[in-house]
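Q: The structure under discussion is supplied below as structure tokens; questions concerning it will follow.
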Amino acid sequence: MNLKIQVIVAALIVFALLWIANMVRRQVLDLKYALSWLTVGTAVLILDLFPGMMNRLVHLLGIELPVNMMFFFGFCFTLLLLFILTVKVSKQGEQLKRLTQEVALLEDRRRKGEALKEDDEK
């Protein structure tokens, strides 16, 4: 890989990692979700800085080209994130349903309490 491209990619990755860390610091992004991005960013930065490692890893895994390995790992990472987020959305849907039911029960109790209060006043 061309040294100029390596430096540009490394700078972009470092910028992205700092941006993610800043989002965690400002509490825009939860740390548990940022850890996967930070891990992947660090791994890509290491592979960018030491391209020989990627060639050895490609040879070890029996993959034809390094770019194929990067696309495959990117695809697997995307599927993993989609699965984790789907689980999270499912849990939040259940929590929302339960919360809505509790609010409806409290509202019903309040209305019944007001009706009893009006009957007592009469």
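The values are calculated or read from the model by the stated rules, or taken from the named source; none is laboratory data. Predicted, not measured: the structure shown is a model, and the values here were computed from it. Neighbour counts are summed over all protein chains in view; Cβ atoms, including those assigned to glycine, are modelled from backbone coordinates with ideal geometry. The protein model used for the area step is the full one, side chains on, heavy atoms only, and it has no ligands, DNA or RNA in it. Shrake-Rupley method; radii C 1.70, N 1.55, O 1.52, S 1.80 Å.
Q: Leaving ligands, DNA and RNA out of it, report the carbon-plus-sulfur percent of the accessible area of the chain at a 1.4 Å probe. Before the final figure, lay out the partial values.
A: Details: 6930 of 10120 Å².
Here carbon and sulfur together make up 68 percent of the probe-accessible area.
Q: Next up: Excluding residues fewer than 8 places away in the same chain, name every one of the lysines whose C-alpha is closer than 19 Å to that of LYS112.
A: LYS122
Q: Mind checking the angle between helix 3-25 and the chain's longest principal axis? C-alpha axes, 0 to 90 degrees, to the nearest 10.
A: 20
Q: Taking only protein heavy atoms and a 1.4 Å probe, what accessible area per residue, in Å², does the chain have with all protein chains in place?
A: 83
Q: To continue, here is another question. In debye, nearest 20: dipole of the chain around its Cα centre with unit charges on the Cβ of K, R (+) and D, E (-)?
A: Using only the charged Cβ atoms, the result is roughly 280 debye.
Q: Residue-wise, which Karplus ³J(HN,Hα) couplings in Hz belong to the stretch 50-59, taking 6.51 cos²θ - 1.76 cosθ + 1.60, θ = phi - 60°, and x for glycine or proline?
A: Here the 3J(HN,Hα) series is 10, x, x, 5, 5, 5, 5, 5, 4, 5 Hz.
Q: Under a straight-distance cross-link criterion of Cα-Cα below 25 Å, which lysines are reachable from LYS32, leaving out those fewer than 8 residues away in the same chain?
A: Within the straight-line limit of under 25 Å, LYS32 reaches these lysines: LYS88, LYS91, LYS97.
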